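Enquirer: This is the structure I have questions about; it appears just below.
The values are calculated or read from the model by the stated rules, or taken from the named source; none is laboratory data. These numbers come from a predicted model, not from an experiment. Because the Cβ atoms are built from the backbone with ideal geometry, glycine has one as well, and the counts that use them run over all protein chains shown. To get the accessible areas, we keep the full protein, side chains included, count just its heavy atoms, and leave off ligands, DNA and RNA. Shrake-Rupley method; radii C 1.70, N 1.55, O 1.52, S 1.80 Å.
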Amino acid sequence: GDWHETFQCWFIEQMENTYYIYVQKRSVNKKDYPSMYDITAAGHLLVGETVEDGVREIKEELGIDVSMDELTLLQAIPNNITLPDLIDNEISLVYLYEVKKPIRFSFLDEEVEAVMRVKLRDFEKLVYGEVNQIFCQKHEDGEINDGYITLLMSQMVPYEMNYFKKVMNKINEYVNDKGRCV
């Protein structure tokens, strides 16, 4: 239950006039939240690590090399997850990475099972409770699978809803500041 810092990075990508957000499906082998959907890449900072050291999570989880100067800091967000057998108090240092060229994810089975792409507006509607489910596509071998998978909010790691809303607001500010279509 002690407060600690985490590094979190959401990936977004603009395709034509639509923005997409990427979520990872956690491995079935994960101790916490197996097979649940989560932030694109995230992890706890170890004692003595700086947030810059947290970029390693992107490489470890997704096999993508990203430098700190390619990221945009969205916000530090306090977040509490309280479950019967877990109290997780985090200060989430939330970053954004805008994908600008095709990427090929590669990950170890013990960390990530899959990476999914979903329309940013659809994900926002899910977060705000405007819809009960959305459809996402699996990103495989550098390509988007033609099939769709249903995603429910209950399948996401149970961060506070306020966390998700703050993240969505900050991503929308980023997109709108760039004068881009959403």
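Enquirer: Say R0 is 25 Å: what FRET efficiency, to the nearest 0.05, do D85 and N162 get from their beta-carbon distance?
Expert: For D85 and N162, the calculated efficiency is 0.65.
Enquirer: Can I ask one more? So if each residue of separation counts as 0.36 nm, and I subtract the Cα-Cα distance between K31 and Y148, what length gain in nm does that give?
Expert: Extending this stretch completely gives an extra 39.4 nm.
Enquirer: Can I ask one more? Going by accessible area, probe 1.4 Å, with all protein chains left in place, what is the ranking of V51, V167, largest first?
Expert: Numbers: V51 30, V167 5 Å².
Per-residue accessible area, sorted high to low, gives V51, V167.
Enquirer: As a quick test, which of the pairs K119/K165; K30/K166; K59/K178; K119/K178 have an alpha carbon distance above 23 angstrom in this structure? Walk me through the intermediate numbers first.
Expert: Values: K119/K165 16 Å; K30/K166 26 Å; K59/K178 27 Å; K119/K178 18 Å.
Long pairs (Cα-Cα over 23 Å): K30/K166; K59/K178.
Enquirer: If you don't mind, another one. How much accessible area per residue does region 64-158 have, counting only protein heavy atoms and a probe of 1.4 Å, in square angstrom? Mind dumping the intermediate values first?
Expert: Working: 5170 Å² over 95 residues.
For region 64-158, the per-residue accessible area is 54 Å².
Enquirer: Further question on the same structure: Does anything in region 24-41 have its amide N under 19 Å from the 7 Å Cα→Cβ label point of Q155, and if so which residues?
Expert: Within reach of a label on Q155, which here means backbone N under 19 Å from a point 7 Å along Cα→Cβ, region 24-41 contributes 24-30, 32-41.
Enquirer: Which order, highest average first, do 154-160, 119-125 follow once you tally other Cβ atoms within 10 Å for each residue and take the mean per peptide?
Expert: Ranked from most to least packed, the peptides come out as 119-125, 154-160.
Enquirer: For N132 and L73, calculate 0.36 nm times their separation in residues minus their Cα-Cα distance, and state this gained length in nm to one decimal.
Expert: Full extension from N132 to L73 adds 18.3 nm.
Enquirer: Quick one: work out the % antiparallel among DSSP beta bridges in region 1-100, nearest 5. Could the numbers behind the result be given before it?
Expert: Details: 23 of 34 bridges.
Bridges in region 1-100 are about 70 percent antiparallel.
Enquirer: What is the antiparallel percent of DSSP beta bridges lying wholly in the chain, to the nearest 5?
Expert: Antiparallel: roughly 75 percent of the beta bridges in the chain.
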